[in-house]
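These notes concern the structure reproduced below.
The values are calculated or read from the model by the stated rules, or taken from the named source; none is laboratory data. All values derive from a computational prediction rather than experimental measurement. Virtual Cβ from ideal backbone geometry, glycine too; neighbours counted across all protein chains shown.
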Amino acid sequence: MKKLIKIGPVLLAIVLFTSCKWLFPPVIPTLPPETQTGEHTFGCYIDGELFVKNNQPRFWGSWLEALYVSIDDDILPKGIEIKCEGINGKTICMFFDKTVTDSNIVINKVSYAGITNYNVSYVYLTRLDTIKAIISGRFEFELNDSINNKKIKFTEGRFDIRNVSVINNWSY
C-alpha cells in the first residue's frame, strides 16, 4: 500500500501529461480572414494546399514584412515588396511598382521555392495607408516552374500588413 501511495502521483502525472490532448488541443491553421486594419496576416492556397505565415516566435526580424520602396530619395513610394515565410519553411516574395489603391496592379516579380517569374499577374490593393503604415490586398497568380515543367497556382491570396518600412534608392 505504501508503494502505491509513493508511485501513485508519478503514475497520475505520466497519464495526465501523455494523454491530455484535451488540455492542449492542436492548432489547425486556416486561411486568415480578409481584413484592412493591419492584423499582420498573410495566406493563400498553393496548388490547393494552405500557405500561411509562420507564427512561431522569432529571435530577429519578422516572418512577414512589407517595404515601401522609393527611388532617388522620393518621398512617395514607387513600389512595394511583400515577403512572407510560411509554416512550410518556404518564402513568397512579391514586388509591384505601382501604388494605386482600388485597382489591379501588375506584380512585376514573384519568387517562391527558388522559382522567379516576372509580370505574372495582378494584385488588388484594398488599402494603402502611408500614414498608419498599413497595406492590404488580394492576389491570385500562376508561376511557371520551367525546371519541373509545371505551373504552380496561388489562389485566394490575401494580406493585411502593419508597420510597413521605407527603403530609399532601391532597385530590383
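Figure legend. Inter-residue proximity from the stretch 113-134: first residues free of Cβ contacts under 8 Å to residues at least 24 places away in the same chain and crowded, with 16+ Cβ neighbours inside 10 Å, second residues in a strand (DSSP E or B) and basic (Lys, Arg), beta-carbon distance below 6 Å, spacing 6+ or different chains. Indicated pairs: TYR124/ARG138. Figure legend. Inter-residue proximity from the stretch 146-161: first residues closer than 13 Å to ASN117 by Cβ and part of a strand (DSSP E or B), second residues of a type in the set (A, V, I, L, M, F, W, C) and at pLDDT below 90, beta-carbon distance below 6 Å, spacing 6+ or different chains. Indicated pairs: ILE152/LEU143; PHE154/PHE141.
Only residues that are aliphatic (A, V, I, L, M) and either touching a residue at least 60 places away in the same chain (Cβ under 8 Å) or within 15 Å of PHE96 (Cα to Cα) (or both) were counted in the stretch 135-145, giving 1. Only one entry of THR116, THR126, THR41, THR91 meets the criterion of being more than 16 Å from ASP160 (Cβ to Cβ) and either modelled with pLDDT of 85 or more or acidic (Asp, Glu) (or both), and that entry is THR91. Being at pLDDT 60 or above, more than 14 Å from the chain's Cα centre (by Cα) and over 30 Å from LEU128 (Cβ atoms) is a property that does not hold for PRO57.
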